[in-house]
Ligand code: SF4
């Protein structure tokens, strides 16, 4: 799989979804529940650490954002 550049957590689109590179840093977010992380989110691609909500970027496997949805 092709390597994608890491999503910059300070970018406006990352901040819009309250993305953090370490899910532990989301513990004060009302939508966050323990155990949620990018690599168990349905929008995550294990092939390239990509996220469907951030096209062309990769995300930290242990990261989190407010659009997290459980894998089905
Ligand atoms: Fe991570 Fe899922 Fe948010 Fe993408 S949508 S940044 S994979 S938690």
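Residue pairs, Cβ under 6 Å, 6 or more apart or interchain, first in region 53-69 and within 11 Å of residue 41 (Cβ to Cβ) and without any contact (Cβ under 8 Å) to a residue 40 or more places away in the chain, second assigned to a loop (DSSP other than H, G, I, E, B) and within 6 Å of the ligand (Cβ to nearest atom). List them.
Pairs that qualify, where the first residue is within 11 Å of residue 41 (Cβ to Cβ) and without any contact (Cβ under 8 Å) to a residue 40 or more places away in the chain and the partner is assigned to a loop (DSSP other than H, G, I, E, B) and within 6 Å of the ligand (Cβ to nearest atom), are 53/43; 53/67.
Do we have residue 14 as touching a residue at least 40 places away in the same chain (Cβ under 8 Å), exposed (fewer than 15 other Cβ atoms within 10 Å of the Cβ) and near the ligand (Cβ under 10 Å from one of its atoms) here?
Details: touching a residue at least 40 places away in the same chain (Cβ under 8 Å): yes; exposed (fewer than 15 other Cβ atoms within 10 Å of the Cβ): no; near the ligand (Cβ under 10 Å from one of its atoms): yes.
For residue 14, the condition - touching a residue at least 40 places away in the same chain (Cβ under 8 Å), exposed (fewer than 15 other Cβ atoms within 10 Å of the Cβ) and near the ligand (Cβ under 10 Å from one of its atoms) - is not met.
If the Cβ limit is 9 Å and pairs must be 6+ apart or interchain, which residue in region 20-33 that is closer than 11 Å to residue 9 by Cβ pairs with which residue that is part of a helix (DSSP H, G or I) and at pLDDT 95 or above?
20/14; 20/26
Might you check whether a residue that is closer than 19 Å to residue 3 by Cα and not in a helix (DSSP H, G or I) occurs anywhere in region 17-30? Outline the logic, then answer.
The first filter runs over region 17-30 and keeps only residues closer than 19 Å to residue 3 by Cα, leaving 21.
This time we only want the ones that are not in a helix (DSSP H, G or I), so: 21.
Yes: region 17-30 contains one or more residues that are closer than 19 Å to residue 3 by Cα and not in a helix (DSSP H, G or I).
So in region 31-72, with the set limited to residues that are touching a strand residue (DSSP E or B) at 6+ places or on another chain (Cβ under 9 Å) and in a helix (DSSP H, G or I), which one is nearest to the ligand (Cβ to nearest atom)?
38
Got a number for residues in region 34-43 being touching a residue at least 24 places away in the same chain (Cβ under 8 Å) and within 9 Å of the chain's Cα centre (by Cα)? Give the derivation first.
Here is the first cut: in region 34-43, the ones touching a residue at least 24 places away in the same chain (Cβ under 8 Å) are 36-38, 40-43.
Then keep just the ones that are within 9 Å of the chain's Cα centre (by Cα); that gives 37-38, 41, 43.
Residues that pass the stated criteria total 4.
The values are calculated or read from the model by the stated rules, or taken from the named source; none is laboratory data. These numbers were taken from a predicted model, which means no experiment stands behind them. Glycine gets a Cβ as well: all are built from the backbone with ideal geometry, and neighbour counts include every protein chain shown.
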